[in-house]
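Data block below; observations after.
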Amino acid sequence: MTSPTTTAPRPLPTRSTGERVSAFVVKWGFVAVTAALILFFLITEPNFRTVDNIFGMLKYIAPTAIAGLGVMLAMTVGGIDLSVGASAGFAVSIAAWTMVIANQVGGVAVAVVLICGLLIGALNAFLIVVARIPDLLATLTTMFVIVGLKLIIVDGKSISSQMTLSNGTTAPGKFTADFLWLDRGSIGPVPVPVIIFLVITIVLWFLLERTRWGRALFAVGTNSEAARLSGIRVQWYRTAAYMGCGLLASIAGLLLAARIGQGDVSAGNSLLLDAVAVALVGVSVLGIGRPNAWGTALGAVLIAVMVTGFTMLGLPYYAQDFGKGIVLLIALLFSFTFSRRRTVVTAGSTTSAS
Amino acid sequence: MTLATAAPIEGHDVSVVSLVGVSVAYGSNVVLTDVSLDFRAGEITALLGANGAGKSTLIKALSGANPRYSGEIRIDGAVVHLGSPVQARQLGISAVHQKVADGIVPGLSVAENLTLDDLAHASRHPLRNKRAALADARAALATLGLDWSDGILNQDADRLAISDAQLLVLARALRSTPQLLILDEPTSALTAAEAERLFDVLRALRANGLSIVYVSHRFGEIEALADRVVVLRDGIVQSNTVRPFEWHEILHDMLGRATDLDHDRGTTHRGTTTVATLDGIQLFPESAPIDLTIKAGEVLGVLGLIGAGKTEIAELLGGLAAPLAGTLALEGAAYAPRRPGDAIAAGVVLVPEDRQRQGILPGWSVQQNITLPFLKKSSVGGLLRGRAERRRTEEVIESLSVVTSGPDEAIDDLSGGNQQKVVVGRWISAGPRLALLDEPFRGVDIAARREIGARLSALAADGAAAVVLSSDVDEIFEVADRIVVLVAGQVELDRYADEVDRAAVIGAFLGQERSPTAAPAPAGEPAPPRDDAPVSPESTPESN
């Protein structure tokens, strides 16, 4: 019980050396691991040093990072989105279909894809907010539905320019140059995907950390009941977060489509795990303990460095998954086990209360 | 106080379980202090206490659910440490918890549910055979004198009526042949006839020498059933009495004694302008409509036990629920908030009952907690203005003397009382027209309580209306200018604080203050307990 008269600042509880060390490790561990990996590859692999490689790495990871930022957005309201990979894959096929089969220009394809992304997000939000299906299950279901729908639309086939259609004619359209610019273009020395990645990170950081809407999103994720009683329209914010996530996943899909240059039906399949991993790593970066934009971006960079380095070392591709798994495991240990404070990631456990 | 010169009941004056100096603390928060009690064979001990009095904590320690207690628990005179519910059961203490549904595994048959504890027994044969289970189940039911058909025993337990499920759970608790049986609000979901059936069972068990701890808010049941009444308040045993029960005394003990009032509460202010009215509002499906006027310039104290309707009033005005019947008005105009945001925009703020669940954002700073409901005011075009947030936070810290190292300290690191000051200050800092505070003093130390009370008086003096809803007479007398007593959704008393004394307020709880002119009931006269008194139709589960 506190004395009624003292209003003087209370000294912070003193912490032991062990606690201070663990707090330091929690805060800087991930940055240190990333730096150490970069340093290691800088020394051992001469090719790693080139500017081309650095941008190449960032360009390679951009779709994963953007999808990861989407998952991060869903996490801010205490949810998760497992349909990001499927949404990105859907975007690849729909972009190809719009340009090749429907013979439209790249701009139209982009618009169609972005609208589809928002609709997928709206479907997730409907299932979670209105139908009250737990987020994990709802987005898993959406994933199935979206993958299936994509295959129905494209007849189960990859769509490429000048492909032969089922009626024997040649497809009228092709991947237009303006669309391919999304992957191949650059502004100055910086490739377009890297710019998109960076811009999205900055916008999300600003939205989440500097605006009242961001504060409200986090409030919904931290204590939705307290948020509701504070006058925050909880269900609207959850809807917005899932729609934002769908939008980001479809942007990731656009970059993938532009990279592949055709409507590969298997595109996006591997994106989900990486995106979720990146968002979870982001939570633990700098000991922040909650979803955040820069942490997610850094998590993506870490994975890019690792994958590139592994490739240069000549390790087989399957070693990458093992490495990613270990990184994620360490991140989760930092977030949940070693952290002094309870980490605010309740993915899968939140259902629509109220 | 009528004291325990314990009348022996039918010759069983043997303590089966004794508590000696048992205390429980959660962190620095002591919730049970030095409790010493004897539970005797063949005796039903009723455990009474308002919300947060420590009943649940006591039951948890006694049933092994909370092994971190200090002091001694003795069974048949031998000191034991109760480390788990299984251990407590083996030593002869069984508990039936309030939510019957939690004790039933849906999908398993009635028989399987009755013999559920066998699953946890290593000594039992791992292969259960159906016929043996049926026989065991029937034996368990026989202890209650029940004979259910095979059809019932084989059906899904989920399909049992709630009263039958209650009996199932009870029969299971009795399978381990306990010496002490703990029943937490066993009738909260039962009809009167079903409850009567349960009482017959309990009386029979008592006659067999079982010691029973009975937790309830229904005075009528306790009058009909109990041999002894133990009252807890603020984690301390206030009284321990045997028949005949002095209900005035018991209520005094439960709700707070006059001696605690060591502080001058000053003059009673009388508000003049009406801020809000409840017009023909029905609080519960079966209750009659009530009218209530809330005035500016005074602090209104609404007193009621669990299920009296206080939280319902707060939720109606705060925009959390729509009225079943009747209308609300705010400053003369019709007022129908559809969500909390509407209420806040209209200047009606609600400090909710459960600070942890509904109030604070764990892990967030004091500042972020304070500014949450008024982010619009601390931002320009959506952009948060750190300086505006900081100013508001410093105002709250200053005006309520919040003990903290600064606006950026995490709210979790503050003491409970200071967390509450932050939550109260958060709402009051915006200058509301009507502030509703539901149980604002729960788990709050006296100093914090005084500071919050003073802040409310200042708010009222500035022309706003403040409503404090509480189950504690002391708290209400301390802060309120006007006192309303709610019982089962009805206004039993509505008077200014200088017009009534404690006895009148307590009398109102017992239904003696129906007419506004009725004199306070003479002390000492046994009051007729009302069976339906402070009980809600949908009794809220209580947490300590």
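Beyond 26 Å between alpha-carbons counts as too far, so tell me which of B:LYS376/B:LYS421; A:LYS150/A:LYS324; B:LYS55/B:LYS99; B:LYS60/B:LYS130; B:LYS60/B:LYS99; B:LYS377/B:LYS421 fall in that bin. Among B:LYS376/B:LYS421; A:LYS150/A:LYS324; B:LYS55/B:LYS99; B:LYS60/B:LYS130; B:LYS60/B:LYS99; B:LYS377/B:LYS421, the Cα-Cα distance tops 26 Å for A:LYS150/A:LYS324; B:LYS60/B:LYS130.
Expressed to the nearest 5 percent, the antiparallel share of DSSP beta bridges inside the protein assembly as shown is 60 percent. Note: chain A, Cα convex hull, 167 Å³ per residue.
Only beta bridges with both residues in chain B are counted; by DSSP, about 55 percent of them are antiparallel.
Dividing the summed -39500 (n - 2.57) terms of all DSSP H runs of n ≥ 4 by the residue count of the protein assembly as shown sets its mean residue ellipticity at 222 nm at -13500 deg cm²/dmol.
Rounded to the nearest whole Hz, the Karplus-based 3J(HN,Hα) values (6.51 cos²θ - 1.76 cosθ + 1.60, θ = phi - 60°) of region A:256-261 follow the sequence 5, 4, 5, 5, 6, x, with x at glycine and proline. This ranking places B:ASP494, B:ASP413 by how few other beta-carbon atoms lie within 10 Å of each, fewest first, which gives B:ASP413, B:ASP494. Among the residues of A:229-240, the average count of other protein chain beta-carbon atoms within 10 Å of the residue beta-carbon is 5. Across peptide A:219-228, the mean count of Cβ atoms from other chains lying within 10 Å of each residue's own Cβ comes to 6. The mean number of Cβ atoms from other chains found within 10 Å of a Cβ in peptide B:409-422 is 2, as a whole number.
Coordinate range of the alpha-carbon atoms in region B:31-101 per principal axis, descending: 32, 31, 28 Å. All C-alpha to C-alpha distances of the protein assembly as shown, sorted into 10 Å bins beginning at zero, yield P(r) values of 2, 11, 17, 19, 18, 15, 10, 6, 2, 0, 0 percent in whole numbers. The value of relative contact order for chain A, using C-alpha pairs under 8 Å at least six residues apart, is 33 percent. Peptide packing for A:248-256, A:113-121 was compared via the average number of neighbouring C-beta atoms within 10 Å per residue; ordered from the highest value, the list is A:248-256, A:113-121.
Values in this text are rule-based calculations from the coordinates and carry no lab data. Computed from a predicted model, the values in this text were never measured in an experiment. Here Cβ is always computed from backbone atoms with ideal geometry, including for glycine, and neighbour counts include all displayed protein chains.
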